Ligand SMILES: O=C(O)CCC(=O)C(=O)O
């Protein structure tokens, strides 16, 4: 019986022939397609592996790009959501009020001055004394008269007496309540809402010569209570973080107030009697509210450094008419131990950098009483020694239109939102023209 080779043995025999160990050439020719197939297969494997590697690499790059795009999209959406939220807040802000009555009055005076300064009478007078006038010279006598009238007389005395002791420059009435407080009775107005000439003159004298004046209970207690409660609630909110304003000293904090009720109530920032006194102080020129914040000194806070609102505009010895003033309105009764703002009488004449006041004045007051002090007045917030009561106080800076504390806006971490609110407050103090001609009048 013949034995048939097992298939596996045949495959072995064919393999041997293919490798040259067999005897017949016809066998060799018969194995060629298998060899090509193998080479082709190998090549195919190489090509496919290469292609696969490229595909995998591209896929990985695409995945990376996709992740990056997702991140960018996420960031873009987050930025847009923030911008939309800010915009919604801005859009929800109340619009400006129309021109307030006292602005109209100032505008009438301004127009009258313009007409006068464009008149032949005025222009001719300029050339009456050719040697002293443009283009040959300058006559500053009118300016000197203006300075004499609107800056303290004591300034002259200090300048003339080299050894003069600065503390002696403030007149005695600057330390007496009767000299520096305009009482509730004095604050009663006539039928047209005007203070008496005598009261205005007294307020002006105190501001000019002492550097401060107090308006007793000028804002109602009910209004003060409303603002205080709204402020206490506001400062607990997340939104309040955007309104934090830097303040000197520990255990004090300060917030700007958003332009919305009840904070933007014009019966506070544009109280008509306050506006009259400020207009007198700013020589009937246009002015605005530059900043409105609440400064709170907590129990246990310490004295601030003595300081001024601003050091000087051009030169430490400059003599300037008033250009800015602070209006402080505590939102509670303030006892002496709670630290009412301390003033240094008469220290508005020069810029006493690093000066320490020996002669300070501390006026306790009831809620609703306002203190006005010149921006140059040396002052400080004393520590609050009360065991439990905070002393929150609205602080408003009023200034002539040209003055803007841009450093405070740009460098003190003021958010865009705050500046937008600030702008809304500024708008209230700008006379709004209704015609193109008025818009471009210079
Ligand atoms: O807190 C005060 O009484 C005055 C605060 C003050 O003058 C300031 O922070 O600049």
**Fill in**
Residue set 276, 250; condition assigned by TED's automatic domain parsing to the domain that holds residue 215 and either free of Cβ contacts under 8 Å to residues at least 24 places away in the same chain or part of a loop (DSSP other than H, G, I, E, B) (or both); output residue 250
**Asked** Looking at this structure, is residue 200 in the same structural domain as residue 340 (by TED's automatic domain parsing), touching a residue at least 12 places away in the same chain (Cβ under 8 Å) and touching a helix residue (DSSP H, G or I) at 6+ places or on another chain (Cβ under 6 Å)?
**Response** yes
**Request:** Examine segment 206-220 for a residue that is within 16 Å of the ligand (Cβ to nearest atom), surrounded by 14 or more Cβ atoms within 10 Å (Cβ to Cβ) and at pLDDT below 95, and state whether such a residue exists.
**Result:** yes
**Prompt:** Just a yes or no: is a residue in segment 263-276 within 16 Å of the ligand (Cβ to nearest atom) and closer than 23 Å to residue 390 by Cβ?
**Reply:** no
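Residue-wise test of (1) in the same structural domain as residue 312 (by TED's automatic domain parsing); (2) buried (at least 22 other Cβ atoms within 10 Å of the Cβ); (3) farther than 21 Å from residue 288 by Cα.
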residue: 329; (1), (2), (3): yes, yes, no
residue: 347; (1), (2), (3): yes, yes, yes
residue: 385; (1), (2), (3): yes, no, yes
residue: 394; (1), (2), (3): yes, yes, no
**Message:** Here is a check on your reading of the model: is residue 1 at pLDDT below 95 and closer than 30 Å to residue 239 by Cβ?
**Reply:** no
**Item:** Subset of segment 289-311 [surrounded by fewer than 19 Cβ atoms within 10 Å (Cβ to Cβ), away from the ligand (no atom under 13 Å from the Cβ) and assigned to a strand (DSSP E or B)]
**Value:** 289, 299
**Prompt:** Quick check, is residue 406 surrounded by fewer than 22 Cβ atoms within 10 Å (Cβ to Cβ) and more than 19 Å from residue 248 (Cα to Cα)?
**Reply:** no
**Request:** State whether one or more residues within segment 316-324 are part of a loop (DSSP other than H, G, I, E, B), more than 13 Å from the ligand (Cβ to nearest atom), more than 20 Å from residue 280 (Cα to Cα) and modelled with pLDDT of 95 or more.
**Result:** no
**Complete:** The residue from 248, 276, 308, 236 that alone is over 30 Å from residue 190 (Cβ atoms) and modelled with pLDDT of 95 or more is 236
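The values are calculated or read from the model by the stated rules, or taken from the named source; none is laboratory data. Nothing here was measured: the structure is a model prediction, and the numbers come from that model. Glycine gets a Cβ as well: all are built from the backbone with ideal geometry, and neighbour counts include every protein chain shown.
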